[in-house]
Amino acid sequence: MLLLNGSKLPSVGFGSNTGAPPEKGEELEKVIDSAIQTGYRHIDTAFFYRNEKIIGNTLQKWFKSGKLEREEIFITTKLPIFGVHPARVDYFIKQSLSNLQMDCIDLYLIHFPVGCKFQEGAMFARDENGDILMEGRTDHLAIWKKMEEHVNLGHIRYIGLSNYNISQISTLIKSAIIKPACLQVEIHPHLQQRDLVEFCHKNEITVVGFSPLGAADYNLRMKTYLPEYQDQQLPNLLGNQVIQSIAKKHSKSVAQVILRFLIQSGVVPIPKSRNSQRIKENFNIFDFMLDEHDTAALQDLEVGEDARISNFKGLIRKIENHPDYPF
Ligand SMILES: NC(=O)c1ccc[n+]([C@@H]2O[C@H](COP(=O)([O-])OP(=O)(O)OC[C@H]3O[C@@H](n4cnc5c(N)ncnc54)[C@H](OP(=O)(O)O)[C@@H]3O)[C@@H](O)[C@H]2O)c1
């Protein structure tokens, strides 16, 4: 997959949000080792995942061993929801560079179009009722200008967005000096976001799809961030009979068919797994092609907004009232 200026973004990435707290670093190190050994050269992380340091340490080990060069690996990280304010962009970019032990981040995304207040040392700043304190309307352009400064300083190669909608991206594009190279959004067979993908492709924005397999561990993971998180219903993509029959036809797994579907739709999937067999399985998707019947059947699985997993409704009370919601 090509980025704006023709640089290559590996067409499948490794999602690193295992939900494991930082103290479980050893487990994540093994997972990242396994991904690199398998051949993944594109790793997705975020300040919010609390794993940048572990990923930085693991990559340094690989670089020092001489088995991997810095230039061979593409790293994406993100401005956290509590950094979505122009006054905090410098701070969080410096934090990510230091955590990752890198001079330059390949791709830096604004994680969400909505921001929360920031309180050092706490996951979220809260009011006296325990509710998460939100910022008001986001000044997207001021944040973007800050990120552009860091591109000019050589701290970041590409800048992009995550969880933004067409209207928010259109507004930003009009004033941005450096165009967004990438949009990372939730994409799977029940939420294909075809209008958004088409809009991005027309504007030369590479689309990366998160939760491609339906994020079966989403509820567990969210509880590690917020104990009061309310479980939500998740799509059962891996048990879907239509996908199972396509998988049987190609002698592939359901996960492989889904990932192939995204790639053939021009989307870069970033599946996550903690299991070395499944890490390999999710990478072994380049030896078959879905035909037009498979593609049509998969397109018919679209459910739309009701299938959105990452809507933050169970995480931040009243998020629906924020002027920059929905994503
Ligand atoms: N920008 C954003 O707002 C945002 C939001 C969510 C996620 N992301 C990124 O996207 C990445 C991936 O999304 P995700 O973790 O939400 O969901 P996902 O990759 O769709 O699903 C992960 C779940 O699927 C299981 N799994 C993985 N491979 C499998 C296979 N071959 N067969 C059966 N089950 C399999 C995993 O279990 P095992 O681990 O046990 O294999 C885990 O429970 C994240 O890690 C993160 O980097 C970004």
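The values are calculated or read from the model by the stated rules, or taken from the named source; none is laboratory data. From a predicted model like this one, the values you see are computed outputs, not experimental measurements. Backbone-built Cβ (ideal geometry, glycine too); neighbour counts: all protein chains shown. These accessible areas exclude ligands, DNA and RNA; they are computed on the full protein's heavy atoms, side chains included. Shrake-Rupley method; radii C 1.70, N 1.55, O 1.52, S 1.80 Å.
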- Given +1 on the Cβ of Lys and Arg, -1 on the Cβ of Asp and Glu, and no further charges, what dipole in debye does the chain carry about its Cα centre, rounded to the nearest 20? 520 debye
- Residues of type lysines that LYS252 reaches as a straight line, Cα spacing below 19 Å, ignoring anything fewer than 8 places off in the same chain: LYS272, LYS280
- Query: So what is the accessible area of the chain per residue, in Å², with the probe set to 1.4 Å?
  - Reply: 44 Å²
- The ³J(HN,Hα) series, computed from each phi in the stretch 316-325 with the Karplus coefficients 6.51, -1.76 and 1.60 at θ = phi - 60°, rounded to the nearest Hz and given as x for glycine or proline, is 10, 4, 6, 4, 4, 7, 6, x, 9, 9
- Query: What percentage of all Cα-Cα pairs in the stretch 1-138 are separated by more than 26 Å?
  - Reply: 28 percent
- What nm value, rounded to one decimal, do you get for the distance between GLU120 and VAL303 when each label is placed 7 Å out toward the C-beta? 4.3 nm
- Note on the structure: Note, PRO326: beta-carbon cut-off 15 Å, +1 each Lys/Arg, -1 each Asp/Glu, net -2
- Most mobile of HIS42, HIS140, HIS250 per a Gaussian network model of the chain (Cα springs, under 10 Å)? HIS250
- Mean 1/r over distinct Cα pairs of the chain, inverted to a Kirkwood Rh in Å, yields 20.2 Å
- Message: Antiparallel versus total DSSP beta bridges in the stretch 1-122: what percent is that, nearest 5?
- Response: 10 percent
- Task: Take peptides 257-268, 97-108 and line them up by average Cβ neighbours within 10 Å, highest first, as a rough protection proxy.
- Result: 257-268, 97-108
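Restricting to bridges with both residues inside the chain, how much of the DSSP beta-bridge set is antiparallel, in percent to the nearest 5?
Once the DSSP bridges in the chain are tallied, antiparallel ones form about 15 percent.
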- Item | Inter-site label distance for CYS104 and PHE288 at 7 Å from Cα along Cβ, in nm | 3.9 nm
- Sites SER65 and SER245 - FRET efficiency at Förster radius 45 Å, r taken between beta-carbons, to 0.05: 0.55
- With 0.36 nm assigned to each residue of separation and the Cα-Cα distance removed, ARG317 to ALA296 gains 3.8 nm
- With the dipole of the chain defined by +1 on each Lys or Arg Cβ and -1 on each Asp or Glu Cβ, the option from SER175, LEU234, SER34 whose Cα lies farthest towards the positive pole is SER34
- The percentage of the accessible area of the stretch 1-134 (probe 1.4 Å, all protein chains present) made up of carbon and sulfur atoms, to the nearest whole number, is 48 percent
- Give me the number: length gained by fully extending TYR225 to LYS94, i.e. 0.36 nm times residue separation minus the C-alpha to C-alpha distance, one decimal in nm. 44.9 nm
- What list of ³J(HN,Hα) values in whole Hz, one per residue of the stretch 141-149 in order, does the Karplus curve 6.51 cos²θ - 1.76 cosθ + 1.60 (θ = phi - 60°) give from phi, with Gly and Pro shown as x? 5, 5, 5, 4, 4, 4, 5, 4, 4
- Sequence-separation-based contact order of the chain, relative, with Cα cut under 8 Å and 6+ spacing, percent: 20 percent
- Query: So which GluC sites (Glu not before Pro) in the stretch 157-234 pass both tests, a DSSP loop state and at most 15 other Cβ atoms within 10 Å of the Cβ?
  - Reply: GLU204, GLU228
